[in-house]
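The values are calculated or read from the model by the stated rules, or taken from the named source; none is laboratory data. All figures in this text were calculated on a predicted structure; none of them were measured in a lab. Glycine gets a Cβ as well: all are built from the backbone with ideal geometry, and neighbour counts include every protein chain shown.
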């Protein structure tokens, strides 16, 4: 499965849990996608603008698609696609700005030693840095 498809699966699984929580507690959802500035900065100089545009388009499409699904479920939703930030830092900062009561993030569901060592780079860092409750959704890797 390609990187984009894996991210989409993780985001969709996390959204299902977030919608359930929002419905149960009468809460609104704030859907965020962050373009990792490190990916843009390390791109070939001739490709930086193309990489930036592609990642920004992907982030915008992702939040719109996820927000549409949440709205279809009757959940009030706000979206933000943030270009060029360090994802875990921006997720935590954005949660602070929005006054989020709960963060819902997906992870790939690693097993064995890999599971003990990491949840997934961004998710692990948010878990470490966030000062609010989190729900981490293990979507598995499809091989179990």
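Only one entry in 93, 22 is farther than 19 Å from residue 121 by Cβ and at pLDDT 90 or above, namely 22.
Picking from residues in segment 111-144 that are buried (at least 16 other Cβ atoms within 10 Å of the Cβ) and in a loop (DSSP other than H, G, I, E, B), the one that is modelled with the lowest pLDDT is 119.
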